[in-house]
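K.L.:
The structure under discussion is supplied below as structure tokens; questions concerning it will follow.
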Amino acid sequence: MSTQTTETTGPGRPAPQDVAELRRTTLEELRHWMSSGHWDEVERCVPKLRAQLEELGPLPERVVMVAYGGGKDSAYTTAFVRAMQLRLLEEAGETFRLRVVTMRHAGMPVAVMHNIDRTYAALRLEADPDCEQLLVDGDEISPFHVDLPQRDHVVARNRLDILVTGHRTLGDGRPTFCNACNLSAAHAFGLGASHDGGVDVIITGDSPYEQRTYLVWIHRLAERMGVAPEGQDRAGFRGVLKATDNIGRAYFSDIYGAGAKNLIHERRVHHDTPDQLRFFSIYDDTAYASGDHWDLLTDFLGFRFDELAFSFSESDCGNPALMAHIRGLKCERVYGRSYEEGLDEYVKFGKQLMRKKEFPDQLIELIGSRYEGEGAVERMRAAMDTYAQDCFEITEEQLVCMVHSPFTDGGAGLAGYVKAERPELLERVEAMVALLTSDAEPAGEEADLAAELERFSGLPLAQLRVLAARTTRSMTGMGQSGVVDLILDGDPHKQRIATRHTPDGPVVDELISGR
């Protein structure tokens with residue numbers, strides 16, 4: 001896969017004596033801001049990492065990578081690895097080069113970029129010639145800059161992925177927003193690890209058990225989908241990325257149709273990583289609970305829990321709040337209940353996810369407070385409509401269409417959707433179904449009808465026709481909608497809730513997922 005590297009102009013590098021001083025100052029500050037217990041954790045990790053790196057060659061030639069998504073946990077990991085880099089320099093007189101990689105998607109608010117920028121400034125990464133900060137936008141790799149504009153092609157790609165998957169799942173949060181995004185994250189990981197000569201070690205906060213579990217899950221998923229790599233192609237991290245790429249190709253072939261070669265190819269997962277690449281886990285040596293290093297995070301690194309950037313169990317993405325908004329829309333427009341009831345269902349679910357992830361009580365309370373009190377529901381609804389429009393160019397009308405999912409199963413739900421949302425088109429339902437199930441190029445009145453379908457769905461006719469040839473999940477979440485739900489099958493971010501699908505109907509069991 002070809003990649004593009006975009007050069008940007010950064011500040012001039014300081015003189016060697018200044019570099020030495022900024023490193024000493026940064027190390028002293030990290031010692032101050034990290035508790036004695038956390039600093040002991042750094043001391044335990046340094047000799048382990050040093051031994052692993054020296055097996056590969058001289059320390060100054062080794063490159064260590066950290067994936068920094070912009071959230072609170074990855075901010076702490078970045079600071080922890082910076083402390084190891086500087087402590088090793090103090091101890092050995094030489095140290096490794098540090099590469100920090102951020103994958104940006106359209107749902108990453110500007111506030112996250114500012115959190116990253118403040119972390120880099122506090123750790124003095126930009127002024128250190130042994131540190132590099134990279135931003136991955138699709139296939140483009142750039143030096144990080146806080147004001148680098150969002151890429152139009154990334155927005156367009158994310159928008160299409162969200163709408164098409166949402167129509168297959170009645171707008172269920174996790175697959176709608178995370179399936180394609182997780183594949184993009186794997187791609188960015190591979191790109192970052194192989195860029196400019198590659199890296200030797202990737203630092204991870206996952207335990208060895210979690211790493212093995214993830215590896216097994218990826219390979220089993222590939223096997224279930226009939227796309228598992230064989231022989232040496234299964235080996236190591238490259239094998240995991242290869243399997244992920246195969247999963248992605250099968251997934252997007254199902255989503256967009258096997259004939260959509262360009263759409264499928266531009267969503268490939270890069271897997272040409274260095275042969276010597278190893279992983280180093282800090283899981284057993286440090287605690288991730290943000291309450292344990294609150295001062296380091298907020299006072300030293302300058303981390304801010306922005307209202308848009310911090311939503312439910314994520315601190316680097318606004319999409320979970322949009323998932324809550326979509327749940328509200330589904331209850332209001334599909335189930336005939338109130339928007340507030342749907343929002344409340346998701347808020348309760350989201351809080352449970354936060355507790356499972358051991359979020360501090362003050363953060364769980366902060367999330368809850370946004371949805372409480374007079375005018376809170378209306379304010380959050382307006383904020384999420386604005387977010388969807390600004391980040392993805394998706395309107396509320398298009399989100400409402402998505403939660404109805406009227407196009408799947410040969411347009412089986414079109415009559416119900418049109419009756420509820422577009423009654424002026426009731427006499428044209430049969431013409432719509434005929435248009436969706438035809439291969440012919442529309443002309444005349446058909447072309448006008450196609451344009452109207454595209455407007456309120458946000459999708460081109462070609463994708464609406466692919467949807468018409470696919471099935472969707474039931475309202476209870478039971479059954480499978482092909483490879484879309486296969487990916488969700490082993491995901492822990494889901495739960496069955498008691499709800500109603502009509503205002504006065506019986507209580508039913510529904511599977512919802514999210515972040």
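Just so it is clear, none of the values below were taken in a lab; they were calculated from the coordinates. In this text, all values refer to a predicted model and were calculated from it rather than measured experimentally. A quick note on method: Cβ atoms are made from the backbone with ideal geometry, for glycine too, and the neighbour counts reach across all protein chains shown.
K.L.:
Counting only C-alpha contacts under 8 Å and six or more residues apart, can you give the relative contact order of the stretch 14-167 as a whole percent?
P.N.:
Numbers: 158 pairs, mean separation 33.6, N = 154.
It comes to 22 percent, rounded to a whole number.
K.L.:
Let me ask another. Using the 10 angstrom Cβ neighbour count as an exposure proxy, how do ARG304, ARG97 rank, fewest first?
P.N.:
ARG304, ARG97
K.L.:
Sorted by packing (mean other beta-carbon atoms within 10 Å per residue), highest first, where do 35-48, 385-398 land? It would help to have the intermediate numbers written out before the result.
P.N.:
Numbers: 35-48: 15.9, 385-398: 17.8.
Result, highest mean Cβ count within 10 Å first: 385-398, 35-48.
K.L.:
Mind checking the full-extension length gain between GLU341 and GLU266? Use 0.36 nm per residue of separation minus the Cα-Cα distance, one decimal, nm.
P.N.:
Details: separation 75, 0.36 × 75 = 27.00 nm, distance 3.93 nm.
Difference between extended and current length: 23.1 nm.
K.L.:
Let me ask another. Pairs LYS330/LYS357; LYS72/LYS351; LYS419/LYS494; LYS351/LYS494; LYS72/LYS357; LYS48/LYS72: which are spaced more than 22 Å apart, C-alpha to C-alpha?
P.N.:
On the way: LYS330/LYS357 27 Å; LYS72/LYS351 17 Å; LYS419/LYS494 31 Å; LYS351/LYS494 12 Å; LYS72/LYS357 13 Å; LYS48/LYS72 25 Å.
With Cα atoms farther than 22 Å apart: LYS330/LYS357; LYS419/LYS494; LYS48/LYS72.
K.L.:
Highest mean first, how do 134-141, 78-85, 453-460 rank when packing is the count of other Cβ atoms within 10 Å averaged over residues?
P.N.:
Details: 134-141: 21.2, 78-85: 24.9, 453-460: 18.5.
The packing order, highest mean first, is 78-85, 134-141, 453-460.
K.L.:
Give the order of ASP117, ASP161, ASP275 when sorted by the count of other beta carbons within 10 angstrom, beginning with the fewest. Intermediate values should be presented prior to the final figure.
P.N.:
Values: ASP117 18, ASP161 25, ASP275 8.
Lowest count first: ASP275, ASP117, ASP161.
K.L.:
For the stretch 154-232, what is the charge dipole size about the Cα centre, in debye to the nearest 20, if Lys and Arg each add +1 at the Cβ and Asp and Glu each add -1 at the Cβ? Don't jump to the answer; show the numbers that get you there.
P.N.:
Working: 7 positive and 8 negative charges, 79 e Å.
The calculated dipole for the stretch 154-232 is roughly 380 debye.
K.L.:
Continuing with this model, one more query. Under a plain spin-label model, where a point goes 7 Å from the Cα along Cα-to-Cβ, how far apart in nm are ASP489 and ALA431?
P.N.:
Between ASP489 and ALA431, the label points sit 4.3 nm apart.
K.L.:
Next question. Computed FRET efficiency, Cβ-Cβ of GLU441 and ARG220, R0 41 Å: what is it to the nearest 0.05?
P.N.:
Numbers: r = 43 Å, r/R0 = 1.04.
The calculated FRET efficiency here is 0.45.
K.L.:
If contacts are Cα pairs under 8 angstrom and at least 6 residues apart, what is the relative contact order of the stretch 101-239 in percent?
P.N.:
For the stretch 101-239, the relative contact order is 20 percent.
K.L.:
Let me ask you something else. Enumerate the helices in the chain for which the Kyte-Doolittle hydropathy averages -1.0 or more and the C-alpha atoms extend at least 15 Å along the helix's axis, using complete DSSP H runs.
P.N.:
36-54, 72-92, 110-123, 152-168, 173-194, 208-224, 236-256, 319-333, 376-387, 445-457
K.L.:
Tell me the label-point distance for the pair THR386, LEU511, using the 7 Å Cα-to-Cβ offset, in nm and rounded to one decimal.
P.N.:
Reported label-point gap for THR386 and LEU511 is 3.7 nm.
K.L.:
Among the lysines, which have Cα under 22 Å from the Cα of LYS261 when same-chain residues fewer than 8 positions away are ignored?
P.N.:
LYS242
K.L.:
What size of dipole, in debye to the nearest 20, comes out for the stretch 296-350 about its Cα centre when the only charges are +1 on Lys and Arg C-beta atoms and -1 on Asp and Glu C-beta atoms?
P.N.:
Numbers: 6 positive and 10 negative charges, 54 e Å.
About 260 debye.
K.L.:
For the stretch 117-206, what is the charge dipole size about the Cα centre, in debye to the nearest 20, if Lys and Arg each add +1 at the Cβ and Asp and Glu each add -1 at the Cβ? Walk me through the numbers before you get to the answer.
P.N.:
Details: 7 positive and 15 negative charges, 120 e Å.
Charge dipole of the stretch 117-206: 580 debye, to the nearest 20.
K.L.:
Given axes a ≥ b ≥ c from the Cα gyration tensor, I'd like to know whether the stretch 221-274 is rounded (a/c under 1.5), prolate (a/b larger than b/c) or oblate. Mind dumping the intermediate values first?
P.N.:
Details: a/c = 3.10, a/b = 1.58, b/c = 1.96.
Oblate.
K.L.:
Ranking request for peptides 424-431, 27-34, 324-331, 240-247: highest mean number of other beta-carbon atoms within 10 Å first, then the rest in descending order. Write out the running numbers ahead of the final one.
P.N.:
Working: 424-431: 12.9, 27-34: 16.8, 324-331: 26.5, 240-247: 24.0.
Result, highest mean first: 324-331, 240-247, 27-34, 424-431.
K.L.:
With a point put 7 Å past each Cα toward its Cβ, work out how far GLU94 is from TRP294 in nm, to one decimal.
P.N.:
For the pair GLU94/TRP294, the computed spacing is 4.4 nm.
K.L.:
Select from PHE305, ALA321, THR165 the residue farthest towards the positive end of the dipole of the chain; place +1 on Cβ of Lys and Arg, -1 on Cβ of Asp and Glu, and compute about the Cα centre.
P.N.:
Of the candidates, THR165 comes out farthest on the positive side.
K.L.:
Which of the listed residues, MET380, ALA258, VAL507, is farthest toward the dipole's positive end in the chain, when Lys, Arg count +1 and Asp, Glu count -1 at the beta-carbon?
P.N.:
Highest projection toward the positive end goes to VAL507.
K.L.:
Can I ask one more? Run the numbers on the stretch 371-475 and let me know its relative contact order in percent, using alpha-carbon pairs under 8 Å that are six or more apart. Show your work: numbers first, answer last.
P.N.:
Values: 87 pairs, mean separation 31.0, N = 105.
Dividing the mean separation by the residue count of the stretch 371-475 yields 29 percent.
K.L.:
Using helices alone, I'd like the mean residue ellipticity at 222 nm for the chain: each DSSP H run of four-plus residues gives -39500 (n - 2.57), total over residue count, nearest 500. Show your work: numbers first, answer last.
P.N.:
Details: 20 runs with 266 residues, N = 515.
Estimated from H runs of four or more residues: -16500 deg cm²/dmol.
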